[in-house]
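The values are calculated or read from the model by the stated rules, or taken from the named source; none is laboratory data. Keep in mind it's a predicted model, so treat the numbers as computed, not measured. When we count neighbours, we look across all protein chains shown, and the Cβ atoms used for this are built from the backbone with ideal geometry, even at glycine. Each accessible area value is taken on the protein alone, full model and side chains, heavy atoms only, with ligands, DNA and RNA left out. Shrake-Rupley method; radii C 1.70, N 1.55, O 1.52, S 1.80 Å.
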Amino acid sequence: FFQPTSQGYLLRLTVVPGAQRTQVVGLYGDRLKVRLAAPPEKGAANRELIDFLARSLNLPKSSLKLTLGAQSRSKVVALYDLSPDLSERLGRLVPAS
């Protein structure tokens, strides 16, 4: 669900807005599935997604950018961070089954 780039990583996500709480559900094909506790109105779900990823990955919000899928459930988020342990933190997003 993530791939390295020259500036960091690209995350492929499937989001489900309007959930009880924001959480990672697991892998959904080649994407990470995330439930968002925000409605899909006026960008609220997109803001919640960026906030959640920033908190979960311990990154500043300024290093995350929604690059594809602003109006879609399928999204791509770019992470602009070259920390050596970032791929390990990304791997920990997936809940153990």
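Scanning the range 54-72 for residues that are touching a helix residue (DSSP H, G or I) at 6+ places or on another chain (Cβ under 9 Å) and among the hydrophobic types (A, V, I, L, M, F, W, C) turns up ALA54, LEU57, LEU59, LEU64, LEU66, ALA70. Of the residues making up the range 70-93, those that are more than 13 Å from GLN7 (Cα to Cα) and in a loop (DSSP other than H, G, I, E, B) are ALA70, GLN71, SER72, ARG73, ASP85, ARG92, LEU93.
Please count how many residues of the range 70-86 are loosely packed, with under 12 Cβ neighbours inside 10 Å and modelled with pLDDT of 95 or more. Spell out how you get there, then give the answer.
Initially, the range 70-86 is screened for residues loosely packed, with under 12 Cβ neighbours inside 10 Å, giving 70-72, 84-85.
Filter again for modelled with pLDDT of 95 or more, leaving 70-72, 85.
Count: 4.
For the range 30-46, a residue qualifies if it is in contact (Cβ under 8 Å) with a residue 24 or more places away in the chain, surrounded by 15 or more Cβ atoms within 10 Å (Cβ to Cβ) and under 14 Å from VAL76 (Cβ atoms), and the qualifying residues are ARG31, LEU32, ASN46. No other residue among LEU27, LEU53 is of a type outside the set (Gly, Ala, Ser) and either open to solvent by 60 Å² or more (accessible area, probe 1.4 Å) or not in a helix (DSSP H, G or I) (or both) apart from LEU27.
Just to check your reading of the model, which residue among THR67, THR14 is over 10 Å from the mean Cα position of the chain (by Cα) and either crowded, with 16+ Cβ neighbours inside 10 Å or in a strand (DSSP E or B) (or both)?
Details: THR14 fails: over 10 Å from the mean Cα position of the chain (by Cα).
Criteria check complete, one pass: THR67.
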